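Asker: Shown below is the structure under consideration.
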C-alpha cells in the first residue's frame with residue numbers, strides 16, 4: 001500500500017501528491033495547509049471539475065431510488081446520463097409525506113411536540129427543541145437556566161449521534177461496510193445516554209414548552225462525561241481511517257463543489273454551508289438555550305467539496321463534546337420547567353397531591369396553552385442545517401398555520417445543481433455529503 | 001452590519017405607501033404588499049446593497065377563510081447574511097390566486113412554490129416545473145385549505161359527508 005517515494009518530505013498516510021492524471025481529466029490537488037481559496041478560485045475549480053453537459057450525445061434515463069440504499073430512505077432521483085456524466089437530475093420526493101402541518105393545525109401546542117420528533121428522526125430532540133423555542137417566542141415564556149442547559153446538552157448529544165451515524169452511512173456508500181459497524185458501536189454510547197435521560201432511543205419527545213420533561217437522572221453527568229472524553233479519541237481514529245484513505249480522498253476531493261453564493265441561492269445551510277467557508281452558525285449568530293454562555297468555535301472549512309463537509313462534521317463532533325463538558329461543569333440548580341401555569345404542563349408528581357396543580361394540569365391537557373395573536377419565525381441550528389418554525393396564531397390553543405422549514409427539504413432539492421456534470425458514481429457521494437433524511441424532507 | 005431599523009427605513013423610503021401594512025411582533029417585522037408589487041419589493045430586497053437579503057428562508061402559503069375578500073396569502077421569509085437580519089414580506093390573494101414566481105431570484109423557491117401550489121392551489125406564473133411534489137399525481141383537492149377534512153380515506157371507507165371533497 002505504500003506510495004513510491006517522491007521528491008520532498010513524504011506526505012503522511014496514503015495521499016498521493018504526485019499529481020498523476022485522473023480519469024476525469026484533472027489531477028488531484030493537495031492544497032497546502034491553511035490555503036483558503038477565494039470565491040473566484042472556487043468558481044474556477046467548480047467549472048474545471050464539472051464536465052460540459054451541453055455537448056451531449058444519446059441520453060440514458062435511469063431511476064435511482066426510491067429503494068436504492070444510497071438514497072438513505074425513499075428519495076427518488078431520475079438521472080439523465082450521457083455515458084457516465086450526469087446531464088440532469090429530477091428529484092422526486094413525497095413518499096414519506098405524512099401531512100405534519102395539517103395534523104399540527106388540529107392539535108394544541110403541547111400535542112405537536114411528538115409530531116416534531118418524526119421530522120428528523122435521527123436527531124429528534126433537536127427538532128423538539130426548535131419547535132419549543134418558536135412556541136416560547138410566540139407565548140413569551142421564560143425558560144429557567146437549568147432547563148436551558150439540559151436542552152443544550154441533549155441537543156448536542158443529538159448532534160453527536162447524527163454526525164456519527166452520517167459518517168458511517170457516508171463511508172458505507174463509498175464502499176466499506178466495516179466502518180459502518182464502528183460508527184454504530186460508538187453511536188450506541190450516545191443512544192444509551194439519551195435513553196437514560198429521556199426514556200427513548202429514537203423519538204424522545206423530551207422538550208416541553210418552558211423547559212424539559214425530566215431532570216437529569218442520577219449518574220448521568222458521570223456517564224456523560226466519560227462519553228464526551230472518549231469521543232474525541234474516537235474521532236481521531238475515524239480521521240486516521242478515513243481522512244487519509246486514498247480511495248476516500250479521490251472520491252471526495254473536488255467532488256460536488258458548491259460555493260457560498262450557490263449555497264445562499266439554494267438555501268443550503270449547516271455543514272455544507274460552513275464547508276464553503278461561511279462562518280454561519282445560528283448557535284452563535286442567533287443564540288438560544290445556553291449557547292451564548294459556553295465557549296466553542298464554529299467549524300469552518302474552505303474548499304466546499306464533499307471532503308470538506310466530512311472535515312466540518314468531524315470538527316463539530318469535537319466542539320459538541322466541548323459544549324457538553326462546559327454545560328455539565330456549569331449546570332445551574334433550580335427548576336427544569338418554568339413555573340408558568342398558563343403555558344406549561346404541571347409536574348406529574350404534584351398533580352395527585354396538589355389541588356392547584358391538578359386544576360392546571362386539567363386545563364393544559366383538555367384546553368391547552370393560550371397563545372397571543374401574531375406570527376413568529378424561529379430558526380435553530382439542528383445537525384442537518386437550519387430548522388425554522390413559522391407559526392401564525394389567531395389566539396387560542398391551536399396554531400392557525402404552522403410551517404416547518406426543514407433543512408433536508410432544500411438539500412433534497414439542491415442535488416441537480418450540485419451534481420450536474422459530475423460522474424454517476426459521484427452522485428452517491430454528493431447526496432450522502434449533504435445529509436438528507438427523508439422524514440425531514442417530506443414532512 | 002445594518003440594524004433592522006435602518007432596513008425598515010430604507011424599505012419604507014423606497015416604497016412608501018405601497019407597503020400596505022407593517023406589524024412588529026416579538027422583534028420581528030412583517031410588511032404586507034399588494035400582489036402587483038410582490039416581484040418589485042422582493043427583487044429590491046435582494047439586490048439593494050443596504051438590504052442584501054441573499055437567502056430565501058422559506059416561502060409559505062396560507063389560507064384564511066375568515067378574510068372573505070382575500071382568503072389566501074403567501075409569506076416570504078428573507079435572510080441577509082451580510083447584515084445578519086431577517087425580514088418577512090407577505091401578500092394577500094383573492095380566489096383563484098396567482099402570483100409571479102421568485103425562482104429567478106432565489107432558485108430555492110422551486111420546491112416551496114410547488115408545495116404551496118399543490119397544498120393550497122396558489123399558482124405561480126413562470127415557474128419552470130409546477131408539478132405535484134409531496135402528494136401523488138392523481139390526488140384531488142388542496143389539503144392545507146381549512147375546508148379540507150383532516151380524516152377520510154380514498155377508495156375504502158368514505159364518509160358520505162366528505163364526498164366531493166377528497
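Laboratory data are not the source of any read-out in this text; all were calculated from the coordinates shown. Model, not experiment: these values are computed from the prediction. All Cβ positions, even for glycine, are placed from backbone atoms using ideal geometry, and neighbour counts span all protein chains on display.
Let's see how each residue does on (1) within 14 Å of another protein chain (Cβ to nearest Cβ); (2) assigned to a loop (DSSP other than H, G, I, E, B); (3) in contact (Cβ under 8 Å) with a residue 12 or more places away in the chain; (4) within 29 Å of residue A:168 (Cβ to Cβ):
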| position | (1), (2), (3), (4) |
| --- | --- |
| A:304 | no, yes, yes, yes |
| A:311 | no, no, yes, yes |
| A:335 | no, yes, yes, no |
| A:350 | no, no, no, no |
| A:368 | no, yes, yes, no |
| A:391 | yes, no, yes, no |
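Asker: Same structure, new question: Residue A:221 - would you say it is in contact (Cβ under 8 Å) with a residue 60 or more places away in the chain, more than 17 Å from the chain's Cα centre (by Cα) and not in a loop (DSSP other than H, G, I, E, B)? If you could, list the steps in order and put the result at the bottom.
Answerer: Values: in contact (Cβ under 8 Å) with a residue 60 or more places away in the chain: yes; more than 17 Å from the chain's Cα centre (by Cα): yes; not in a loop (DSSP other than H, G, I, E, B): yes.
So residue A:221 fits the description; yes.
Asker: Oh, and also: Would you mind stating whether residue A:420 is surrounded by 18 or more Cβ atoms within 10 Å (Cβ to Cβ), within 14 Å of chain B (Cβ to nearest Cβ), more than 30 Å from residue A:231 (Cβ to Cβ) and touching a residue at least 60 places away in the same chain (Cβ under 8 Å)?
Answerer: Working: surrounded by 18 or more Cβ atoms within 10 Å (Cβ to Cβ): no; within 14 Å of chain B (Cβ to nearest Cβ): yes; more than 30 Å from residue A:231 (Cβ to Cβ): yes; touching a residue at least 60 places away in the same chain (Cβ under 8 Å): yes.
Considered against the rule, which asks whether it is surrounded by 18 or more Cβ atoms within 10 Å (Cβ to Cβ), within 14 Å of chain B (Cβ to nearest Cβ), more than 30 Å from residue A:231 (Cβ to Cβ) and touching a residue at least 60 places away in the same chain (Cβ under 8 Å), residue A:420 comes out as no.
Asker: Tell me which residues, restricted to region A:370-384, are within 11 Å of chain B (Cβ to nearest Cβ) and under 24 Å from the mean Cα position of the chain (by Cα).
Answerer: Here is the first cut: in region A:370-384, the residues within 11 Å of chain B (Cβ to nearest Cβ) are A:372-379.
Once the filter is applied, which keeps residues that are within 11 Å of chain B (Cβ to nearest Cβ) and under 24 Å from the mean Cα position of the chain (by Cα), region A:370-384 yields A:376, A:377, A:378, A:379.
Asker: Scan (1) surrounded by fewer than 20 Cβ atoms within 10 Å (Cβ to Cβ); (2) closer than 18 Å to residue A:369 by Cα for the single condition residue A:84 breaks and write down its number.
Answerer: Exception for residue A:84: condition (2).
Asker: Considering region A:254-299 alone, what residues qualify as being without any contact (Cβ under 8 Å) to a residue 60 or more places away in the chain, within 14 Å of chain B (Cβ to nearest Cβ) and either surrounded by fewer than 24 Cβ atoms within 10 Å (Cβ to Cβ) or out of contact with any helix residue (DSSP H, G or I) (no Cβ under 7 Å at 6 or more places or on another chain) (or both)?
Answerer: A:264, A:265, A:278, A:279, A:280, A:284, A:285, A:287, A:298
Asker: Please work out if residue A:401 is over 23 Å from the mean Cα position of the chain (by Cα), within 11 Å of chain B (Cβ to nearest Cβ), in contact (Cβ under 8 Å) with a residue 40 or more places away in the chain and within 23 Å of residue A:126 (Cα to Cα). So that I can check it myself, show each step before the final result.
Answerer: Values: over 23 Å from the mean Cα position of the chain (by Cα): yes; within 11 Å of chain B (Cβ to nearest Cβ): yes; in contact (Cβ under 8 Å) with a residue 40 or more places away in the chain: yes; within 23 Å of residue A:126 (Cα to Cα): yes.
Considered against the rule, which asks whether it is over 23 Å from the mean Cα position of the chain (by Cα), within 11 Å of chain B (Cβ to nearest Cβ), in contact (Cβ under 8 Å) with a residue 40 or more places away in the chain and within 23 Å of residue A:126 (Cα to Cα), residue A:401 comes out as yes.
Asker: Looking at region A:204-217, is at least one residue crowded, with 21+ Cβ neighbours inside 10 Å, touching a helix residue (DSSP H, G or I) at 6+ places or on another chain (Cβ under 8 Å) and part of a helix (DSSP H, G or I)?
Answerer: no
Asker: Tell me, yes or no, whether region B:117-139 has at least one residue that is away from chain A (no Cβ under 11 Å), in contact with a strand residue (DSSP E or B) (Cβ under 8 Å, 6 or more places away or on another chain), part of a helix (DSSP H, G or I) and surrounded by 14 or more Cβ atoms within 10 Å (Cβ to Cβ).
Answerer: yes
Asker: Taking helices (runs of 4 or more DSSP H) that fall entirely within region A:59-176, which contain at least 1 residues that are within 14 Å of chain B (Cβ to nearest Cβ) and in contact with a helix residue (DSSP H, G or I) (Cβ under 8 Å, 6 or more places away or on another chain)?
Answerer: A:100-105, A:113-117, A:124-139
Asker: Read through the list (1) within 29 Å of the chain's Cα centre (by Cα); (2) touching a residue at least 12 places away in the same chain (Cβ under 8 Å); (3) over 30 Å from residue A:75 (Cβ atoms), then give the number of the only condition that residue A:407 fails.
Answerer: Among (1) within 29 Å of the chain's Cα centre (by Cα); (2) touching a residue at least 12 places away in the same chain (Cβ under 8 Å); (3) over 30 Å from residue A:75 (Cβ atoms), the lone unmet condition for residue A:407 is (3).
Asker: Working carefully through the options B:68, B:92, find the one that is assigned to a loop (DSSP other than H, G, I, E, B), more than 8 Å from chain A (Cβ to nearest Cβ) and over 18 Å from residue A:265 (Cα atoms).
Answerer: Details: B:92 fails: assigned to a loop (DSSP other than H, G, I, E, B).
Exactly one of B:68, B:92 is assigned to a loop (DSSP other than H, G, I, E, B), more than 8 Å from chain A (Cβ to nearest Cβ) and over 18 Å from residue A:265 (Cα atoms), namely B:68.
Asker: With respect to the numbered conditions (1) surrounded by 19 or more Cβ atoms within 10 Å (Cβ to Cβ); (2) in a helix (DSSP H, G or I), which one is the sole condition not fulfilled by residue B:74?
Answerer: All conditions are met except number (2).
Asker: Same structure, new question: Restricting the search to region B:16-52, which residues are crowded, with 16+ Cβ neighbours inside 10 Å and part of a helix (DSSP H, G or I)?
Answerer: Hits for region B:16-52 are B:35, B:37, B:38, B:39, B:41, B:42, B:44, B:45, B:46.
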